[in-house]
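**Student:** I have a structure here, written as structure tokens, and I will follow up with some questions on it.
Each value in this text was obtained by applying a stated rule to the coordinates, not by laboratory testing. Because the structure is predicted, anything quoted here is derived from the model rather than measured. Glycine gets a Cβ as well: all are built from the backbone with ideal geometry, and neighbour counts include every protein chain shown.
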Amino acid sequence: MDNPTDRTVQTTDTSIRYSYSNREWNEQQFQITQANKHQQEEKKNSVELTEKTLATIYIIQKWGIFLAVFGFISATFMLFASFIMLVVKSFQQVGPFSSMLSLFYLLLGIALVVISVFLLRFSSQAKQGVDQKDSSVIESSFMQLKYFFAGSGWITIILVIFTIVMIVVAIILGVVAAAAQAVE
């Protein structure tokens, strides 16, 4: 070597001599090292979908379509029942619980439509992702599934709270009715 700062870089074709200062050489080696680390991290953080996994996602999306359609049908019945309760209430003198129950069915029917839409979107995107073997479409479909489960969780929490409140109200009304009869 003519110059002590010359570095030889091996390529696949030939050995080529580049003249770098020590600082330039170190910067280039640092950049190469960082690029290699980044590639290794990408490989470590990526997930390969096997054929068995894709087949499982395909089966899940079929069940998702079934449950979404069932959700839409159930929501239709709830909304119809809510409408019937409101119509009956307008023609007959019915207690205040009829209005509350009608409102409850209306809200539950709307919520069921919303979560069924998320499940249907998951199913259609999952099918498209499996057919095209496109991980970004599958990733998007799982975001829809996340929204479905979050919505289902909130509905479950609200139903549990509503049930507890209704039990407490029924107990209180039962005690009040029993006390009223005891007074007579």
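**Student:** Using the beta-carbon distance between T56 and T156 and R0 = 25 Å, what value does 1/(1 + (r/R0)^6) give for FRET efficiency, to the nearest 0.05?
**Tutor:** Once rounded, the FRET efficiency stands at 0.45.
**Student:** Could you give the length gained on full extension between V168 and F72, defined as 0.36 nm per residue of separation minus the Cα-Cα distance, in nm?
**Tutor:** 31.4 nm
**Student:** Given the Cα-Cα distance of E48 and A81 and 0.36 nm per residue of separation, how much length would full extension add, in nm?
**Tutor:** Additional length available on full extension: 7.2 nm.
**Student:** Take every Cα-Cα pair in the range 51-154 and report what % of them are more than 20 Å apart.
**Tutor:** Working: 2597 of 5356 pairs.
Every Cα pair in the range 51-154 considered, those over 20 Å come to 48 percent.
**Student:** Sticking with this one: Go through 73-79, 174-180 and give me the packing order, highest mean Cβ count within 10 Å leading. Working shown, then result.
**Tutor:** Details: 73-79: 15.6, 174-180: 9.7.
The densest-packed peptide leads the list: 73-79, 174-180.
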